[in-house]
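The structure under discussion appears below in the form of structure tokens.
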Amino acid sequence: MTKDIDSKKLACIIAGTLDDKLGKDITILNISNVSSLADYFVIVTGDSTPQVKALMNNTKEKIKEFFERSPIRMENDTKNRWNLLDYGDV
């Protein structure tokens, strides 16, 4: 059973989990008025490939633990320089 949480709060919690792993330049973009894909994008920069992986894994674990939600989709490039976690609304 998925615990209910609104998209703005989810975006803020995701940003917090990224900050916990020392992500840089964390930005939350409200795109709800211009896109039907999602309500928010959360963008972060990592200093290295291992950090990018740690940012992704920590976010997945914390959102699963707190809200019983898993990403709908996950993508990354072959060298793991970037990752995408899609939670639908965020």
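So is Asp20 open to solvent by less than 60 Å² (accessible area, probe 1.4 Å) and among the charged types (D, E, K, R) or not? Against the criterion (open to solvent by less than 60 Å² (accessible area, probe 1.4 Å) and among the charged types (D, E, K, R)), Asp20 does not qualify.
Residue-by-condition table, conditions (1) over 12 Å from the mean Cα position of the chain (by Cα); (2) open to solvent by 40 Å² or more (accessible area, probe 1.4 Å):
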{"residue": "Ile31", "(1), (2)": "yes, no"}
{"residue": "Tyr40", "(1), (2)": "no, no"}
{"residue": "Ile43", "(1), (2)": "no, yes"}
{"residue": "Leu55", "(1), (2)": "no, no"}
{"residue": "Thr59", "(1), (2)": "no, no"}
{"residue": "Ser70", "(1), (2)": "no, yes"}
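For beta carbons closer than 8 Å, sequence separation of 6+ or different chains, a first residue in the range 55-75 that is at negative phi and free of Cβ contacts under 8 Å to residues at least 12 places away in the same chain and a second that is hydroxyl-bearing (Ser, Thr, Tyr) and assigned to a loop (DSSP other than H, G, I, E, B), the qualifying pairs are Lys64/Ser70. Scanning the range 77-86 for residues that are open to solvent by less than 80 Å² (accessible area, probe 1.4 Å) and modelled with pLDDT under 90 yields Asp77, Asn80. Entry remark, the range 1-35: residues being part of a strand (DSSP E or B) and acidic (Asp, Glu) number 1 in total.
The values are calculated or read from the model by the stated rules, or taken from the named source; none is laboratory data. This one's a predicted model, so the numbers in the text were calculated from it and none came from an experiment. Using ideal geometry, Cβ is built from the backbone for each residue, glycine included, and neighbour counts are taken over all protein chains shown. For the accessible areas, the whole protein counts, side chains as well, though only heavy atoms, and no ligand, DNA or RNA atoms are used. Shrake-Rupley method; radii C 1.70, N 1.55, O 1.52, S 1.80 Å.
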